[in-house]
Amino acid sequence: MINKGILRQFLAATAGSLSIMNVGIILGWTSPIMEELLGPDSPIPMTVDETSWFVSVIDWGLILGSLPFGVLADRWGRKPSLQIIGPMALATWVALLYVDTFQGLLAVRFAQGLLAAGAYTVLPVYAGEIAGPKIRGALGTMFQIMMYVGILYVYAAGMYLDYTRLTYAAMAGPVIFCALFATIPESPHFYVMKNRLADAKKALVWLRGDDTGSTVDDEMDSVVECICKEMRNASFTELFTDWVSLKALIIVQGLSVFRVMAGVTALISYASITFAEMHVAIDSNKLSLVFACSVLFSALPSTLLADRVGRRPLMIVSCASCFAFDTVIFAYFYVDRCTAYDVTDYGWLCVLAVGGLSVAHTLGLGSLLSTINCELFPSNTRSIANAVNTITLTVASFLALKIYPVLADDGGMYRNYLISSLFSLTSIVSCILWLPETKGKTFAAIQAQLRKTDDLV
């Protein structure tokens, strides 16, 4: 019989992750409507260059919203900071029904970026703090799974709905999130940070499903001791002045860049135009849907393996596999564009490589980054560190999304995947040399390990 506490922790993580499902809907919404927006009957006419701004402007909202949400999460709470995303996201979808200019569309997408910043910054912290050490890796993967659920949902709906109807369909995400997350407790760690020990104990009892045994009392004592030590001996500036914290920050930022530049981030937004160049007799939007399915279901193995195999081995395998598949995709597009060889009969190989890339990416780079980021920092800098990480992710994503269609149009799609393969190769070396293993350890044990060794290996 499955432990009641584990079920409740998965329920809480899933309900909170509905906020990131909304981000998936926001990101994926651009792909199925791209052809309509570029067509003669576009509701908001735009050029190819303008579509890159339409897709990437969300990243400016992510950059500007990350630090405020990080501060808000430490002052107001993890749960309230996530809760406000639901109704505000619903308001942006309603606004899109009335926008009829390109500038207005950019403004709404920017606002959606601000909300996405909240989910990116606060959710990993919340999920990490409510989870027990033995299942923290599995709960951390819910972040990516629900992101892909949102993308799959909007891809599937986009096969049958036009711009207006798809916008109505997108409203389901924030409505479901508001309804389910309202019943979930706040992070016990936050309550302890604010010296609300009775509330922390109540939340911990609910999450662990145990109000009689000594397990909750022992964990409560451990959390209080750990946070009191962190709040006494550390400050926000230590994130940048302490050598161990700075090394952890550099490692996480590096992983963030590798995650984006592996190629899957741009594929999510430009799936339809990428598949259109693969010489396969299948509608590009249908291939986009298959791609979204492969991304979603490939996240499930990482949920099972993160707390068994460990973070470090999965990340190394993920990076190595991304390098292999990026190289295959690069080779296909290069031969197609730059040689006289006819690759029409081999389009299926490129489609399979894209599927393999999505599986490889999700196995480690896509699913474990939020968990690793949460584990390497103490409570008083965790939210801010995650905000800095969100900014790094956003800047890298903005650049990747902005140059992807430009390189594909002017120099050939192969250039995008040459860049991705080089970044993936670098990520292999980086993970082998510097990524620590944190599987099955409490936050206190991880910090003790890092401080003791002063060496993140």
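Quick notes on this structure:
- Hey, LEU352 free of Cβ contacts under 8 Å to residues at least 24 places away in the same chain and closer than 26 Å to LEU305 by Cα or not: yes
- Selection status of ILE58, among the aliphatic types (A, V, I, L, M), under 22 Å from PHE110 (Cβ atoms), buried (at least 23 other Cβ atoms within 10 Å of the Cβ) and at pLDDT below 90: yes
- Only listed residue being touching a residue at least 60 places away in the same chain (Cβ under 8 Å), part of a loop (DSSP other than H, G, I, E, B) and out of contact with any Leu (no Cβ under 6 Å at 6 or more places or on another chain), chosen from GLY70, GLY137, GLY128, GLY132: GLY132
- Where a residue in segment 237-262 is closer than 23 Å to ILE428 by Cα and its partner, wherever it lies, is among the aromatic types (Phe, Trp, Tyr) and open to solvent by 40 Å² or more (accessible area, probe 1.4 Å), with Cβ under 6 Å and at least six apart: ILE251/TRP434; PHE258/PHE423; MET261/PHE423
- Among the residues here, ARG311 qualifies as in contact with a Leu (Cβ under 9 Å, 6 or more places away or on another chain), of a type in the set (Lys, Arg) and either under 13 Å from CYS431 (Cα atoms) or at pLDDT below 85 (or both).
- With respect to the conditions (1) modelled with pLDDT under 90; (2) out of contact with any Cys (no Cβ under 6 Å at 6 or more places or on another chain), GLY128 lacks only one, and its number is (2).
The values are calculated or read from the model by the stated rules, or taken from the named source; none is laboratory data. Since the structure is predicted, the reported quantities are computational estimates derived from the model, not experimental observations. All Cβ positions, glycine included, derive from the backbone under ideal geometry; neighbour counts span all protein chains shown. Keep in mind that these areas ignore ligands, DNA and RNA; they rest on the heavy atoms of the full protein, side chains included. Shrake-Rupley method; radii C 1.70, N 1.55, O 1.52, S 1.80 Å.
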